Amino acid sequence: MTTNNMDAGTGSPSVSWAAANARRLARQGLTAPTGGGPAAVTGAMVGAHAQVLSAAELSVALRLDGGETRESVRAALWTDGSLVKTFGPRGTVHLLPSADLPLWTGALSALPAGRNAMPDGVRMSGDETDQVVAAIADALADDDLTVDELTEEIVARTGPWAGERVMDAFQTKWPRWRQMTHTAGHRGALCFGPNRGRKVTYTNPHRLLPGFTPLPGREALAGLVDRYLYAYGPATPQHFAKWLAMPVNWAKELFGSLAARGRTERVDFEGDAAWVKAGDTEFPALPPVRGVRLLPYFDAFTIASQPRTRLFAGAAYERALGGGQAGNFPVLLIDGAVAGVWHQRRSGKWIDVTVEPLGTLTAAQRAGLDEQVERTGEILQGTPRLTVGTVSVGAHA
């Protein structure tokens, strides 16, 4: 049984917000934990934002079977190599399944480059970019290097211009080559290695997946749209463009070409045209979404699910979005909608969790919140203490 009806005007299946949201939550492992391990879960999320690595560890682990902790995610990242930490959508740091690197590097390196915002005298040419990316790949082929070590190796392979400290960054100057760090990641020449003390290291992802080659751009982009729509559909080109921080007109052209090739199908989503992956038009008649979840900073579900006015309904739109940007606050999810914000601070074994609901919690919701706080403490390997009250910490930058 499905919840689909046919729209009389277009002949397309009609999908409600409730049905779409329920399917997304189920596919995300947010209705019930999912098996398959950290790499499978991260793939289902279409990447885990890892600007705050502890938040990414929590995002992935809370979708795993009970008893799993952040150590499971760390083992996948640093021990068995099934996850990789690299530059993903929007040029931001993500955890991605290593096996998916051919698709991700093929798609990300095929995105429109846009205008280089660096000023004259700092900006690198296309030829200089190619030189730096090649130098990075070669320098990291056999070892993990810190930024300073990598700078020396790049300069030795390209020339002093690549190491000139001309980039304004955090009240200091970075070497010129660093403006292309995310580009090197997108082209498959660089990813993060394990920290060396407090120092970040980089490595070559071919050490994790020997011999991989980025997929051709057209094929890779089609595959990325498939995965996005499977996880977050129905969606529009505008939604996909926002997720990737790409021009809307480019996304419209991409969606048009995929529809012409039979890769997508149109549905009526709350009165508007939207798309799903071809053959994925069934929305099972799932029971109404019930329960409480605590989602950390930059959780993939809150960033990618659209329209935000439905997920962040009413007061949540003002309180839980940082200037309209999703992910800047950890959120309290009640019955599938954002219903508050929260924050955690660690001191030794103690994890102090403050939750600010936007309404009065029922007894069942408070019991669910207690369970979520306990699960958060289990994942983060500490002893949680819950306070229900105002979160005074502002949005993450």
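The values are calculated or read from the model by the stated rules, or taken from the named source; none is laboratory data. These numbers were taken from a predicted model, which means no experiment stands behind them. FYI the Cβ positions are ideal-geometry reconstructions off the backbone, even for glycines, and counts take in every protein chain you see.
Which numbered condition trips up F329, out of (1) surrounded by 17 or more Cβ atoms within 10 Å (Cβ to Cβ); (2) among the aromatic types (F, W, Y); (3) farther than 30 Å from D272 by Cβ?
Failing condition for F329: (3).
Can you list the strands (runs of 3 or more DSSP E) lying wholly within the range 149-244 that have 1 or more residues being within 27 Å of S98 (Cβ to Cβ)?
Details: elements: 165-169, 172-175, 191-196, 199-203.
Those strands (runs of 3 or more DSSP E) span 191-196, 199-203.
Within the range 348-371, is there a residue that is in a loop (DSSP other than H, G, I, E, B), closer than 23 Å to T42 by Cβ and outside the structural domain of P89 (by TED's automatic domain parsing)?
No, every residue in the range 348-371 fails to be in a loop (DSSP other than H, G, I, E, B), closer than 23 Å to T42 by Cβ and outside the structural domain of P89 (by TED's automatic domain parsing).
Determine if the range 213-222 includes at least one residue that is buried (at least 16 other Cβ atoms within 10 Å of the Cβ), over 25 Å from A137 (Cα atoms) and of a type outside the set (F, W, Y).
Among the residues of the range 213-222, at least one is buried (at least 16 other Cβ atoms within 10 Å of the Cβ), over 25 Å from A137 (Cα atoms) and of a type outside the set (F, W, Y), which makes the answer yes.
Which number in (1) in contact with a strand residue (DSSP E or B) (Cβ under 8 Å, 6 or more places away or on another chain); (2) at pLDDT 95 or above marks the one condition that T79 misses?
Single failed check for T79: (1).
Out of everything in the range 92-122 that is in a helix (DSSP H, G or I) and of a type in the set (S, T, N, Q), what residue ends up being surrounded by the fewest Cβ atoms within 10 Å (Cβ to Cβ)?
Pass one, the range 92-122, residues in a helix (DSSP H, G or I): 98-108.
Checking the rest, the ones that are also of a type in the set (S, T, N, Q) come to 98, 105.
On the way: S98: 21, T105: 24.
Looking at the filtered set, the residue picked out is S98.
In the list G382, G322, which residue meets the criterion of being outside the structural domain of L229 (by TED's automatic domain parsing), within 18 Å of the chain's Cα centre (by Cα) and surrounded by fewer than 19 Cβ atoms within 10 Å (Cβ to Cβ)?
Numbers: G382 fails: within 18 Å of the chain's Cα centre (by Cα).
Sole residue among the options that is outside the structural domain of L229 (by TED's automatic domain parsing), within 18 Å of the chain's Cα centre (by Cα) and surrounded by fewer than 19 Cβ atoms within 10 Å (Cβ to Cβ): G322.
Please note which helices (runs of 4 or more DSSP H) are completely contained in the range 25-91 and include at least 1 residues that are closer than 21 Å to V200 by Cα and either within 13 Å of the chain's Cα centre (by Cα) or assigned by TED's automatic domain parsing to the domain that holds T181 (or both).
Output list reads 53-61.
Based on what the data block shows, is A56 modelled with pLDDT of 95 or more, touching a helix residue (DSSP H, G or I) at 6+ places or on another chain (Cβ under 6 Å), of a type in the set (G, A, S) and surrounded by 21 or more Cβ atoms within 10 Å (Cβ to Cβ)?
no
Look at the range 223-256 and say how many of its residues are polar (S, T, N, Q) and either surrounded by 19 or more Cβ atoms within 10 Å (Cβ to Cβ) or more than 24 Å from A20 (Cα to Cα) (or both). So that I can check it myself, show each step before the final result.
First pass over the range 223-256, keeping only residues polar (S, T, N, Q): 236, 238, 249.
Applying the additional criterion that residues be either surrounded by 19 or more Cβ atoms within 10 Å (Cβ to Cβ) or more than 24 Å from A20 (Cα to Cα) (or both) yields 236, 249.
So the count comes out to 2.
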